[in-house]
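The values are calculated or read from the model by the stated rules, or taken from the named source; none is laboratory data. As the structure is a computational prediction, the values presented were derived from the model and not from experiment. So basically every Cβ, Gly included, is an ideal-geometry build from the backbone, and we count neighbours across all protein chains shown. Note: accessible area is taken over every heavy atom of the protein model, side chains too, but ligands, DNA and RNA are not part of it. Shrake-Rupley method; radii C 1.70, N 1.55, O 1.52, S 1.80 Å.
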Amino acid sequence: MTSERDNPFRIAQQQFDKAAELLDLPQDIREVLRVPQRELTVNFPVKLDGGHTKVFTGYRVQHNLGRGPVKGGIRYHPSVDIDEVRALAMWMTWKCALVNIPYGGAKGGVVVDPANLSIGELERLTRRFATEISILIGPDKDIPAPDVNTTPQIMAWIMDTISMHQGHTVNAAITGKPVQVGGSLGRNDATGRGVSLMVREWARTSGYNLDQLSVVVQGFGNVGGVAAALLEQMGCRVIAVSDATGGYVRRGGLDVKAMREYSAKHPRRLLDGYSAPGVEKLTNTELLELPCDVLVPAALENQLTELNAPRIRARVVVEGANGPTTPDADAIFEDRGITVIPDILANAGGVTVSYFEWVQGLQSFFWDEIDVNAKLERIMVNAYEQVRSVSEQRRVSMRLAAYLLAVRRVADANATRGIYP
């Protein structure tokens, strides 16, 4: 179990408290924003291929509805628990406010390792979970999206399940869908693209050329794999990547394109068994401590802690994952002069293009990919500039600057709306 110190929800609350204190927020607003507004826990049966039934546990948490309907992914992972989902929902609230899109934050998850399920079992689990949480979700209430171990296909099953209940297609009930059933062009790459834009902007404002930068990426899925590929295209040298099977390093730079082609053909989309001249294997722990300019943690929470932070040898950490850095590690990085571009900024590309997908779905009017990417870039670069400016003016870290902006927006919306009744 997670220790109280590494509990993601306690960490999320700590981060909020720090910002609330600096903003001098009234106590009653703090009371409201420190906790989620709604939490649903469901225990639901799924018929397995062998004929027996297994009960799974899932969650949907809505943190704050002050700025609009709530938005947030659904993850399938054996370590999902209610505090993780609470933290992720809270981070989503700040993330949406930071890039100024009209959503509050939510999150969902099922305690399961999807690798142990057949495709039929995965579909039955997804449809039953969607049915259980359907009392909360809908295009004007709560719009889920993909997260760890969930795919566009899983989003399509959820959309179809909600539509079956309604008796007509409800396109905007979920985002991250395949394009042929109302998904947005550019959505798949959006989070990784946002990460790569943050590296580009950091390099520009710190006086580095992209072709001078060496990059290490932890995680090679939808975020890490895309970020690595785009950074390579920008001219960076991606020297190491990892996934659940371990890390791969080559000092002169990896062939990211070849590695993505390899993992795309692997039955579990992994790099397991990958080899190429000059490529060495290493552990995830060793990967994080490699000397590099840019470190992109794009896996799970609590990867950078007080234990390894003193040994991190990057100039900048760009958080592709949610909550990869603990507050203790943050403090060490600040002392050591390592910049952290926080998750609520760095990985906000996904929710931004999810917002575009929702808008397109509501209007039944779809944009081309050039449009989507241009709008995404404008929003991300603008948010980066705002965070950097606050960070410099107030002499605080990028994370605290991002929180000051985001928490202020949410607090203002809640104060303006007041308390009902």
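Observations, loosely collected:
- Whichever residue in segment 152-188 is among the hydroxyl-bearing types (Ser, Thr, Tyr) and surrounded by 18 or more Cβ atoms within 10 Å (Cβ to Cβ) and, among such residues, is farthest from Val223 (Cα to Cα): Thr161
- The single condition among (1) modelled with pLDDT of 95 or more; (2) exposed (fewer than 14 other Cβ atoms within 10 Å of the Cβ) that Ala228 does not meet is (2).
- The number of residues in segment 85-113 being touching a Ser or Thr at 6+ places or on another chain (Cβ under 8 Å) and more than 15 Å from Tyr355 (Cβ to Cβ) comes to 2.
- Condition met for Gly273 (surrounded by fewer than 15 Cβ atoms within 10 Å (Cβ to Cβ) and either touching a helix residue (DSSP H, G or I) at 6+ places or on another chain (Cβ under 9 Å) or within 23 Å of Thr151 (Cβ to Cβ) (or both)): yes
- Residue check, Gln360 in contact with a Phe, Trp or Tyr (Cβ under 7 Å, 6 or more places away or on another chain) and not hydroxyl-bearing (Ser, Thr, Tyr): yes
- Residue within segment 240-247 that is touching an Asp or Glu at 6+ places or on another chain (Cβ under 9 Å), surrounded by fewer than 19 Cβ atoms within 10 Å (Cβ to Cβ), part of a strand (DSSP E or B) and of a type outside the set (Val, Ile, Thr) present: yes
- Looking across segment 43-52 at every residue that is in contact (Cβ under 8 Å) with a residue 24 or more places away in the chain and open to solvent by 10 Å² or more (accessible area, probe 1.4 Å), the one that is farthest from Ser118 (Cα to Cα) is identified as Pro45.
- Failed condition for Asp83, given (1) open to solvent by less than 10 Å² (accessible area, probe 1.4 Å); (2) in a helix (DSSP H, G or I): (1)
- You will find that of Asn149, Asn188, the residue that is in contact with a strand residue (DSSP E or B) (Cβ under 7 Å, 6 or more places away or on another chain), outside any helix (DSSP H, G or I) and of a type outside the set (Val, Ile, Thr) is Asn149 and no other.
- Out of Arg313, Arg260, sole residue that is under 24 Å from Ile344 (Cα atoms) and surrounded by 14 or more Cβ atoms within 10 Å (Cβ to Cβ): Arg313
- Taking the listed residues Phe356, Phe365, the one that is free of Cβ contacts under 8 Å to residues at least 40 places away in the same chain and out of contact with any strand residue (DSSP E or B) (no Cβ under 7 Å at 6 or more places or on another chain) is Phe365, with no other qualifying.
- Within segment 323-358, tally of residues that are of a type outside the set (Gly, Ala, Ser) and outside any helix (DSSP H, G or I): 9
- Selection within segment 96-119: residues that are open to solvent by 10 Å² or more (accessible area, probe 1.4 Å) and in a helix (DSSP H, G or I). The member of this set that is modelled with the lowest pLDDT is Ala115.
- Search result, residues across segment 215-238 that are within 23 Å of the chain's Cα centre (by Cα) and part of a strand (DSSP E or B): Val215, Val216, Val217, Gln218, Val238
- The residues on offer are Val55, Val32, and the sole one that is open to solvent by 10 Å² or more (accessible area, probe 1.4 Å), aliphatic (A, V, I, L, M), more than 15 Å from Ala106 (Cβ to Cβ) and touching a strand residue (DSSP E or B) at 6+ places or on another chain (Cβ under 6 Å) is Val55.
- Pairs, first free of Cβ contacts under 8 Å to residues at least 60 places away in the same chain in segment 299-313, second surrounded by fewer than 14 Cβ atoms within 10 Å (Cβ to Cβ) and part of a strand (DSSP E or B), C-beta under 8 Å, six or more apart: Arg313/Pro291
- Checked against (1) surrounded by fewer than 24 Cβ atoms within 10 Å (Cβ to Cβ); (2) within 16 Å of Gly221 (Cβ to Cβ), Pro297 meets all criteria but (1).
- Out of Val80, Val55, sole residue that is within 18 Å of the chain's Cα centre (by Cα), farther than 22 Å from Gly186 by Cα and free of Cβ contacts under 8 Å to residues at least 40 places away in the same chain: Val80
- Picking from residues in segment 383-409 that are part of a helix (DSSP H, G or I) and β-branched (Val, Ile, Thr), the one that is surrounded by the fewest Cβ atoms within 10 Å (Cβ to Cβ) is Val390.
- Scanning segment 59-67 for residues that are hydroxyl-bearing (Ser, Thr, Tyr), without any contact (Cβ under 8 Å) to a residue 60 or more places away in the chain, open to solvent by 50 Å² or more (accessible area, probe 1.4 Å) and touching a strand residue (DSSP E or B) at 6+ places or on another chain (Cβ under 9 Å) turns up nothing.
- Out of Gly361, Gly320, one residue alone is at pLDDT 95 or above, open to solvent by less than 30 Å² (accessible area, probe 1.4 Å), in contact with a helix residue (DSSP H, G or I) (Cβ under 9 Å, 6 or more places away or on another chain) and in a loop (DSSP other than H, G, I, E, B). It is Gly320.
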